[in-house]
């Protein structure tokens, strides 16, 4: 960073602690921003709209270089996002853009830029094929993805909308899945 001007940085929080970290940052005198969106959550006995973080485990805060060490000691902050030892800064216009998009109530989906790429193991997260896993065999520009689901020494290619896919983490791959198709 090496600047006396405050810059936006991303802090990675402890699991499911985004709202608490946002409060702790504000109590400590930091300007912070936690982008939230409304989601309909369903339980067996009811449905309820809840506000959930747009980007899980991330809160944005504006700091000066001299405040970096203080930031790292805020309860719930796991680490400050850095690349090759340098704290990653976020331009003001990107924070403003997030705020404006969320205010517009558009249907916004967040995906890591490199996550849904050919060769990644993915899971269908909704619909009649929920929890089935396979290998992503193409990454089409139209937003549809072909998932390779193999069985009996053959491959069956289906096209699934990207909004219904999630990447299976390496930790999850090690666990046995009852719906995995090979």
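Quick rundown of the values:
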{"read-out": "Computed E for residue 27/residue 131 - FRET, C-beta separation, R0 35 angstrom, nearest 0.05", "value": "0.30"}
{"read-out": "Neighbour-count ranking [beta-carbon atoms within 10 angstrom, fewest first] of 95, 63, 74", "value": "95, 74, 63"}
{"read-out": "Cα-only radius of gyration and Dmax that characterise segment 7-103, units Å", "value": "14.6, 50"}
{"read-out": "Neighbour-count ranking [beta-carbon atoms within 10 angstrom, fewest first] of 169, 104", "value": "104, 169"}
{"read-out": "Ranked 96, 22, criterion: other C-beta atoms within 10 Å, fewest first", "value": "96, 22"}
{"read-out": "Length-normalised contact order of segment 1-93 in % [C-alpha pairs under 8 Å, at least 6 apart]", "value": "46"}
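Quick note: the coordinates plus some simple rules give every number you see, no bench work behind them. Bear in mind that the values here come from a model prediction, so they are computed numbers and not experimental data. FYI the Cβ positions are ideal-geometry reconstructions off the backbone, even for glycines, and counts take in every protein chain you see.
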